[in-house]
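J.: First the structure, then my questions, so here it is.
The values are calculated or read from the model by the stated rules, or taken from the named source; none is laboratory data. Quick caveat, the model's predicted, so the values are computed rather than measured. Here the Cβ positions follow ideal geometry from the backbone for every residue, glycine too, while neighbour counts run over all protein chains shown. The area values use the complete protein model at the heavy-atom level, side chains included, leaving out ligands, DNA and RNA. Shrake-Rupley method; radii C 1.70, N 1.55, O 1.52, S 1.80 Å.
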Amino acid sequence: MGVFKAAAVQMRSGESPERNAVDLERLVREAAGQGATYIQTPEMTGALIRDKEARAASFTSEDKDVIVATARRLARELGVFLHIGSTAILRADGKLANRALLFGPDGAVLATYDKIHMFDVDLDNGESWRESAAYEPGTEAVVTGVAGARLGFAVCYDLRFPQLFRAEALAGADVLTVPAAFTRQTGEAHWHVLLRARAIENGAYVVAAAQGGLHEDGRETYGHSLIVDPWGRIIAEAADDEPAVIVAEIDPAQSLAARKKIPNLKNARDFTINAGEVDAPRLRGAAS
């Protein structure tokens with residue numbers, strides 16, 4: 001397992017996939033110029049659009065998508081693993097998926113992941129979100145090899161479901177990914193602590209490219225893209241919510257070392273819950 005450089009690309013995606021593709025190319029080239037061989041972009045790299053009709057008119061199938069085409073070309077030209085944190089993809093059944101795509105150095109799609117947990121919340125500042133009204137949730141966690149490491153996929157709100165990350169760690173993931181478009185309110189409250197917790201409890205690196213700033217559709221996202229090491233230390237962070245590139249070295253051996261020091265993945269035990277009248281399934285320390 002060799003050491004490699006990972007980059008998290010922070011963006012402020014607008015409503016035009018074509019304009020966002022131009023920004024994507026500029027920032028990915030900057031990351032590759034800094035020596036990154038694995039480059040991750042945020043959730044909804046392609047566009048952030050609140051209006052339902054405008055959103056439906058902007059997105060297309062994977063084979064026609066401008067972000068997919070741009071990413072494929074850049075990965076091949078630059079010889080990098082390019083992880084589009086997510087973009088909206090029109091499925092064959094007419095439903096939208098919030099889909100992550102990983103491209104290899106030859107431009108081929110190595111893996112895809114459809115966001116599992118939908119952001120359906122009402123915040124106390126009046127913000128209300130119903131992601132399930134626009135997107136069909138995924139049903140499958142994904143772990144795949146990249147640059148000598150094992151990469152586990154997640155997107156944004158997935159961060160609040162630790163069982164997903166534990167399952168991926170148990171499946172061999174030593175780098176966990178959380179591309180996101182966290183709101184400013186929730187980001188200020190929980191972004192850093194949750195990302196560090198997922199790293200600590202799984203003995204894994206966490207790479208989290210974020211959207212940041214005030215977007216064309218009126219939403220405001222937190223920024224502060226992070227890379228966290230398996231001991232929970234922040235090793236790279238975007239200073240604010242402006243578009244940026246952060247880079248850090250990933251050494252998969254450090255994940256192995258952290259798991260030897262704190263072998264909680266091995267020490268998990270089966271248990272039952274005594275909840276009185278409530279029927280509870282048999283559980284394990286990790287999701288089963």
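J.: Of everything in the range 21-39 that's within 10 Å of Ala75 (Cα to Cα) and β-branched (Val, Ile, Thr), which residue is most open to solvent (accessible area, probe 1.4 Å)?
T.: Thr37
J.: If you don't mind, there's one more thing I want to ask. So which of Val80, Val9, Val28, Val68 is touching a helix residue (DSSP H, G or I) at 6+ places or on another chain (Cβ under 8 Å) and within 22 Å of Ala134 (Cβ to Cβ)?
T.: Val68
J.: Hey, can you tell me all the residues within the range 248-268 that are open to solvent by 40 Å² or more (accessible area, probe 1.4 Å), assigned to a helix (DSSP H, G or I) and closer than 19 Å to Leu226 by Cα?
T.: Within the range 248-268, just Gln254 meets the criteria.
J.: Further question: Take Ile49 and decide whether it is of a type in the set (A, V, I, L, M, F, W, C), crowded, with 21+ Cβ neighbours inside 10 Å and at pLDDT below 95.
T.: yes
J.: Another one. Restricted to the range 176-215, and to residues that are assigned to a strand (DSSP E or B) and small (Gly, Ala, Ser), which residue is nearest to Thr87 (Cα to Cα)?
T.: Ala180
J.: Would you tally the residues in the range 230-239 being touching a strand residue (DSSP E or B) at 6+ places or on another chain (Cβ under 7 Å) and either open to solvent by 80 Å² or more (accessible area, probe 1.4 Å) or free of Cβ contacts under 8 Å to residues at least 40 places away in the same chain (or both)?
T.: Final tally of qualifying residues: 2.
J.: What is the residue count in the range 28-83 for residues that are among the basic types (Lys, Arg) and on the phi > 0 side of the Ramachandran plot?
T.: So the count comes out to 0.
J.: Return the pair list, or none, for Cβ contacts closer than 8 Å from residues in the range 51-72 that are farther than 25 Å from Ala111 by Cβ to residues that are open to solvent by less than 60 Å² (accessible area, probe 1.4 Å) and acidic (Asp, Glu), at least 6 apart or on different chains.
T.: Filtered contacts from the range 51-72: Asp51/Asp217.
J.: Return the residues of the range 216-234 that are of a type outside the set (D, E, K, R) and assigned to a loop (DSSP other than H, G, I, E, B); say none if nothing qualifies.
T.: Passing the criteria: Gly218, Gly223, His224, Ser225, Pro230, Trp231, Gly232.
Each row is one residue, and each column tells you yes or no for (1) touching a Cys at 6+ places or on another chain (Cβ under 8 Å); (2) in contact (Cβ under 8 Å) with a residue 12 or more places away in the chain; (3) among the aliphatic types (A, V, I, L, M).
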| site | (1), (2), (3) |
| --- | --- |
| Gln10 | no, yes, no |
| Ala21 | no, yes, yes |
| Arg26 | no, no, no |
| Met44 | no, yes, yes |
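J.: Of the conditions (1) buried (at least 20 other Cβ atoms within 10 Å of the Cβ); (2) under 19 Å from Thr112 (Cα atoms), Gln211 fails just one. Which one is it?
T.: It is condition (2) that Gln211 fails.
J.: If you check Ala154 against the conditions, is it of a type in the set (Gly, Ala, Ser) and in contact with a Pro (Cβ under 7 Å, 6 or more places away or on another chain)?
T.: No, not satisfied.
J.: Looking at the range 61-102, which of the residues that are of a type in the set (S, T, N, Q) and under 16 Å from Thr112 (Cβ atoms) is surrounded by the most Cβ atoms within 10 Å (Cβ to Cβ)?
T.: Among those residues, the one meeting the criterion is Ser86.
J.: Return the residues of the range 127-158 that are surrounded by 19 or more Cβ atoms within 10 Å (Cβ to Cβ) and of a type in the set (S, T, N, Q); say none if nothing qualifies.
T.: none
Matching residues to (1) closer than 20 Å to Ala248 by Cβ; (2) within 21 Å of the chain's Cα centre (by Cα); (3) of a type in the set (Val, Ile, Thr):
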{"residue": "Met11", "(1), (2), (3)": "yes, yes, no"}
{"residue": "Asp23", "(1), (2), (3)": "no, yes, no"}
{"residue": "Ala32", "(1), (2), (3)": "yes, yes, no"}
{"residue": "Thr37", "(1), (2), (3)": "yes, yes, yes"}
{"residue": "Gln40", "(1), (2), (3)": "yes, yes, no"}
{"residue": "Ala47", "(1), (2), (3)": "no, yes, no"}
{"residue": "Ser58", "(1), (2), (3)": "no, no, no"}
{"residue": "Asp65", "(1), (2), (3)": "no, yes, no"}
{"residue": "Val80", "(1), (2), (3)": "yes, yes, yes"}
